[in-house]
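Step one of this worksheet: look at the structure below.
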Amino acid sequence: MALLDIDGLSVVLPSGAAARPILDGVSLTVETGEVVGLVGESGSGKSVACRTVLGLRPAGARTSGEVRVSGRDVLAMNRGALKALRSGEVAMVFQDPRASVNPVRRIGDFLTEGLRAAGVPRDRALERAGELLAEVGIRDPRGALRRYPHEFSGGMLQRVVIAAALAGGPALLLADEPTTALDVTTQAEVIGILRRTQAQHGTGMLFVTHDLELAAAICDRIYVMYAGRVVETRGARELFDAPRHPYTAGLLAAAPSLEPDATPPRPIPGRPVSLAENPPGCAFAVRCGYATDRCRTETPRLAADDGGAVACLRADEGILTC
Amino acid sequence: MTAAPASRVPSAAPAAKVAAPPRRGTAWMRGLAAQGPLFTAAVATLVLLALCAVFAPFVAPHDPETIDLGNSLAGSDADHWLGTDQSGRDVLSRLIHGARTGLLGPLLVVAVSTVLGTALGLVAAWRGGWVDSLLSRTMDALFAFPAMLLAILCVAVFEAGLTAPVIAMTVAYTPYVGRYVRSVAVQEKARPYIESYRVQGWSAWSVTTRHLLPNITPNIVAQSTVSFGYALMELAGLSFLGFGVQPPTADWGTMVNEGQGAILKDAFMPALAPCAAIVVAVVAFGIVGEGISDRIAKRER
């Protein structure tokens, strides 16, 4: 049984008379101790998919499909079960650490709050919080407990947030663009810490990002999303080396490379479409250099190929030769 | 008169390091002290007024209700600093005793309306949807009643005195606080840290009481301080009209009423002194409230 199993998840947002779909039949799994990347452009639905794991749905949204954590369907949970899930089994690290911490409470309060609520005495909770801070590489953890969020740099604060996420001993860590708000040198450190603590605790991790190269560097497997659908999934290495979907290939080609003989970055033409304005057929067809008339009328289904799955009508033709 | 709701959007740039170690409470106090001499003077005035009210029997040189018709409308002298009124009662002593009802009334109004209004505002902000619509529209409807009219109605139903106007003013002020708290709470609730507590499994109740409410408390305090001055003025107005505190109890509003006849006899002090007291108190509350608002705005940046 997979730790996280999202099965055919669809989310439809009602806006006035016209219902607006956000996700369409998204399925993904995360095994215990596995790091899985969820990659896509803005508006592709990756964050929405990530949040449904905690039972957070956009207001008024209709969902179908199942989101199972350790076999239990999150979407069918009552409040008590959701609370237990959020405070224990699943933890989340947000994009901007500065915004996701109460600015007027000490770090010590922030870290011990959950432990105290679980009945841990104050001294023991503070001790545990100190250990957690040491684990994420904060110097002088005892002193840090007495400080306020604004006294930390962004990277340091993100470490604190990671420490807080680990406090409940989660089996699954959701990281929603945890490094997007940080500068590049700090990014590497935070990624290193995430990766190390995840490996030490055997935590499963769903890593949401728009950076395919970053995902390829740290994830075991990657799901690529486009316009509310998963368009390709396979092992990180294989995906990086031999993408089968033109969109994945486009994402990789759009990233600049430092190799001396590398081609200059090629942007994907057009702009990302949302599932709502999606014309019939493949959502990527309007931006795809390989699109045929068939692509514009027939919606491709995610079909298994060697070691992964891809949703492209021309995947078997070997059109991508990179 | 609404304290300007300062932008609550967290700044993109990391907050500059504050020189003073931000111990909650003490840093706040120090920050308030740095608001300038006007603010300090206003605080001192309010403290003085409060002390006068509490220790009136010990501070007042005379009994406020002892009538001495032989010494009617005396000018100021060493014994009666502010002179006497038509019945020969010492104006200063009545002024000092008048601070009791003068401050107690608004205190009750502000305390009760702040508690009720905050509760309503938080529920409306947190639940949203039809709960928000229902509460907001009900508050709007109440808001449409002028406080004075409500008070006069209340006096007609109950009887003149401190209770009826206080009840009426509380009813009139609650929607005011409720609307303000709702607007501040809606903004605060939209900040990501609230959601981050939600996804850690905290219930709506604990997030609200432990994080949301403490973080908007300074805004509520600022608002209440300004409201206190207005409530004081309106209650004094009701007393002046004869709906509030009844003679012979010393009260600033009734004193103005009783003293107005003396103006014709060239004795200004019996009416002027309580007027001045009301103005000073209202202005002082206004300055303190504004000072706290400024402090909040500075903290936001």
(request) Scan the stretch A:93-122 residue by residue and report those that are farther than 11 Å from B:GLY201 by Cα and under 24 Å from the mean Cα position of the chain (by Cα). (result) A:VAL93, A:PHE94, A:GLN95, A:ASP96, A:PRO97, A:ARG98, A:ALA99, A:SER100, A:VAL101, A:ASN102, A:PHE110, A:LEU111
(request) Name the single residue, out of those in the stretch A:195-212 being of a type outside the set (Asp, Glu) and farther than 20 Å from A:GLY137 by Cβ, that is nearest to the chain's Cα centre (by Cα). (result) A:VAL208
(request) Considering each residue of the stretch B:255-272, count those that are crowded, with 20+ Cβ neighbours inside 10 Å, in a helix (DSSP H, G or I) and modelled with pLDDT under 85, and give that number. (result) 6
(request) Tell me, please, whether a residue that is farther than 30 Å from B:ALA160 by Cβ, more than 14 Å from every other protein chain (Cβ to nearest Cβ) and buried (at least 17 other Cβ atoms within 10 Å of the Cβ) can be found in the stretch B:231-242. (result) no
(message) Show the residue pairs meeting these rules: Cβ distance below 9 Å; 6+ apart or different chains; first residue within the stretch B:187-204 and facing chain A (nearest Cβ under 7 Å) and surrounded by 18 or more Cβ atoms within 10 Å (Cβ to Cβ); second residue of a type in the set (D, E, K, R) and outside any loop (DSSP other than H, G, I, E, B).
(response) B:VAL199/A:ARG51; B:VAL199/A:ARG86; B:GLN200/A:ARG86; B:GLN200/A:GLU113; B:GLY201/A:LYS83; B:GLY201/A:ARG86
(message) Out of the residues in the stretch B:206-228 meeting the condition of being closer than 18 Å to B:GLY128 by Cα and touching a Phe, Trp or Tyr at 6+ places or on another chain (Cβ under 9 Å), tell me which one is nearest to the other protein chains (Cβ to nearest Cβ).
(response) B:SER206
(message) Scan the stretch B:43-56 and tell me whether some residue there is assigned to a loop (DSSP other than H, G, I, E, B), exposed (fewer than 13 other Cβ atoms within 10 Å of the Cβ) and at pLDDT 75 or above.
(response) yes
(request) Kindly list the number of the only condition in (1) at pLDDT 85 or above; (2) in contact with a helix residue (DSSP H, G or I) (Cβ under 8 Å, 6 or more places away or on another chain) that fails for B:GLY201. (result) (1)
(message) Of the residues A:ALA165, A:ALA171, only one is of a type outside the set (Asp, Glu), crowded, with 17+ Cβ neighbours inside 10 Å and at pLDDT 90 or above; which?
(response) A:ALA171
(message) I want to confirm something. Restricting to the stretch A:54-81 and keeping residues that are within 10 Å of another protein chain (Cβ to nearest Cβ) and crowded, with 19+ Cβ neighbours inside 10 Å, which single residue is nearest to the chain's Cα centre (by Cα)?
(response) A:LEU54
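Conditions (1) more than 13 Å from every other protein chain (Cβ to nearest Cβ); (2) touching a strand residue (DSSP E or B) at 6+ places or on another chain (Cβ under 9 Å), marked per residue:
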site: A:ALA2; (1), (2): yes, yes
site: A:THR32; (1), (2): yes, yes
site: A:LEU38; (1), (2): yes, yes
site: A:GLY45; (1), (2): yes, yes
site: A:ARG86; (1), (2): no, yes
site: A:ALA91; (1), (2): no, yes
site: A:ASP96; (1), (2): no, no
site: A:LEU111; (1), (2): no, no
(message) Just to be sure before I move on: is B:PRO248 more than 24 Å from the chain's Cα centre (by Cα), assigned to a helix (DSSP H, G or I) and of a type outside the set (A, V, I, L, M) in the structure I sent?
(response) no
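Results for (1) within 23 Å of B:ALA172 (Cβ to Cβ); (2) among the polar types (S, T, N, Q); (3) surrounded by 13 or more Cβ atoms within 10 Å (Cβ to Cβ), shown as yes or no for each residue.
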| position | (1), (2), (3) |
| --- | --- |
| B:ALA78 | no, no, no |
| B:LEU82 | no, no, yes |
| B:LEU95 | no, no, yes |
| B:MET139 | yes, no, yes |
(message) Please verify whether A:VAL120 is within 14 Å of chain B (Cβ to nearest Cβ) and β-branched (Val, Ile, Thr), treating the condition exactly as stated.
(response) no
(message) Out of A:ARG266, A:ARG229, A:ARG237, I need the residue that is in contact with a strand residue (DSSP E or B) (Cβ under 7 Å, 6 or more places away or on another chain), over 17 Å from A:GLU317 (Cα atoms) and of a type outside the set (Phe, Trp, Tyr). Which one?
(response) A:ARG229
(message) If I filter the stretch A:159-172 for residues that are within 25 Å of A:GLY307 (Cα to Cα) and either out of contact with any Asp or Glu (no Cβ under 6 Å at 6 or more places or on another chain) or of a type outside the set (Lys, Arg) (or both), do I get at least one hit?
(response) yes
(request) Show the residue pairs that are 6+ apart or on different chains and have beta-carbon atoms under 6 Å apart, the first residue being within the stretch A:63-74 and farther than 17 Å from A:VAL48 by Cβ, the second being surrounded by fewer than 16 Cβ atoms within 10 Å (Cβ to Cβ) and of a type in the set (A, V, I, L, M). (result) A:GLY71/A:MET1
(message) Go through the stretch A:14-29 and report how many residues are more than 15 Å from A:GLY65 (Cβ to Cβ) and in a strand (DSSP E or B).
(response) 5
(message) Quick check on the stretch A:98-109: of everything there that is facing chain B (nearest Cβ under 8 Å) and of a type in the set (A, V, I, L, M, F, W, C), which residue is surrounded by the most Cβ atoms within 10 Å (Cβ to Cβ)?
(response) A:VAL101
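The values are calculated or read from the model by the stated rules, or taken from the named source; none is laboratory data. Because the structure is predicted, anything quoted here is derived from the model rather than measured. Cβ coordinates were reconstructed from backbone atoms using ideal geometry, including for glycine residues, and neighbour counts include every protein chain displayed.
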